[in-house]
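First up is the structure itself, then whatever we jot down about it.
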Amino acid sequence: MIQTPGAGRYAPSPSGDLHIGNLRTALLAWLFARSTERRFVLRIEDLDERSRDGVADAQLGDLCALGIEWDDEPTVQSRRTHIYDAVIDDLTAAGRTFECFCSRREIHAATTAPHAPPGSYPGTCRDLGEADRAARRAAGRDPAIRLKSDTDSFTITDTLCGEFTGAVDDFVLRRGDGTAAYNLAVVIDDGAEGVDQVVRADDLLTSAPRQAYLATLIGVPVPQYAHVPLVLNTSGSRLAKRDGAVTRADLAMVGVDDTRLLSLLASSLNLGTVGENLTANDVLRRFDPARLPNGPWILDPDDLW
Ligand code: GLU
């Protein structure tokens, strides 16, 4: 049998310009994919209400400028509602979903189990009868659709973090406003695009068990994961726009051009030195996951030039 190559991906949310931490994660995703002969695809994760018009184009422009190239047309999640709905219909037909009428506040108030992670679903609507559901609908509540999970944890293997076991609850598949939830869309899209390698920031490590478990339920292979450390500011919090010149455009304004930016990223990955004249392909030739630093990259603005 001919094996088609798998794919890696980068999946930005178009809620704001990419900052240097996002660019570093994108570069890593590209390096992991290309160094293993995989395709590399982009996906615009615009289901979130914070998505803004025009931002995705700017994000793609930034990636291009750094030499991070992708295959195929980027997928846009907001155009794929029918696909997400069809999978929810299949899960519903198999008895694997239920309607949930709880507000976020009610869920937090009801999470009393001593070991339950904050905000994990306490099961309130899981076994509601038809009459109760009808009464709640009549009261004007639009139900979210939740997965009827049959486990409370799942273990994944991560290239960088090792084995990781995380909580799996009856998580949301479709929000009350009809929008597919991130955890559902990501699994369907990775499956549809042949993504078998997921490289992303390690703030999503705790979501991976839910996603991997869902993949097994909908018959999609569980990808190989590599969750990479975040970039932090000098006070140890996650890098944000308020930390000054952190986007490519802002960096250019303070004299950090694309070549210097790439050299900064390469240096933060132990793959080059700041100020070196490098292309993304040069970095790719040097890429070795074993050389990656273990901890987060602390970005000190004084180190930019
Ligand atoms: N859209 C998410 C983000 O921008 C990434 C999701 C993923 O890689 O699974 O943080």
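The values are calculated or read from the model by the stated rules, or taken from the named source; none is laboratory data. Note that the coordinates shown come from a computational prediction; the quantities given were computed from them, not determined experimentally. All Cβ positions, glycine included, derive from the backbone under ideal geometry; neighbour counts span all protein chains shown. When the accessible area is computed, the model is the full protein with side chains, heavy atoms only, and any ligands, DNA or RNA have been set aside. Shrake-Rupley method; radii C 1.70, N 1.55, O 1.52, S 1.80 Å.
Hey, any idea what % of the chain's accessible area is carbon plus sulfur with a 1.4 Å probe? The nonpolar share, carbon plus sulfur, comes to 49 percent. Among 297, 305, the sequence by solvent-accessible area, most first, with a 1.4 Å probe is 305, 297.
The heavy atoms of residue 292 offer some 20 square angstrom of accessible surface to a 1.4 angstrom probe. Note on residue 132 and residue 71: the model spin-label points, each 7 Å out from Cα along the C-beta direction, lie 4.9 nm apart.
With the charge dipole of the range 19-62 set up from +1 on Lys and Arg Cβ and -1 on Asp and Glu Cβ about the Cα centre, the Cα lying farthest toward the positive end among the listed residues 60, 35, 22 is that of 35. Heavy-atom accessible surface of the chain, averaged per residue, reaches 49 Å², computed with a 1.4 Å probe. Computed over protein heavy atoms with a 1.4 angstrom probe, the accessible surface ordering of 259, 273, 247, largest first, is 273, 259, 247.
For the Cα trace of the chain, dividing Rg by the Kirkwood Rh returns an Rg/Rh value of 1.00. Our helix-only sum for the chain, with -39,500 (n - 2.57) per DSSP H run of n ≥ 4 divided by its residues, gives a mean residue ellipticity at 222 nm of -10000 deg cm²/dmol. Of the residues 161, 100, ranked by 1.4 Å probe accessible area with the largest first, the sequence reads 161, 100. What number, in nm² with one decimal, is the all-direction average of the projected area of the convex hull of the alpha-carbon atoms of the range 38-99? If I average the Cα hull's projected area over directions, I get 6.3 nm². Converting phi to 3J(HN,Hα) with the Karplus coefficients 6.51, -1.76 and 1.60 and the offset θ = phi - 60°, the range 288-305 yields 8, x, 5, 8, 5, x, 6, x, x, 8, 8, 8, 9, x, 5, 8, 6, 8 Hz in sequence order, with x at every glycine or proline. Think of it this way: in the chain, 64, 102, 161 stand alone, with no other Cys Cβ under 4.7 Å. Dividing the mean sequence gap of close Cα pairs (under 8 Å, 6+ apart) by how many residues the chain holds gives a relative contact order of 18 percent.
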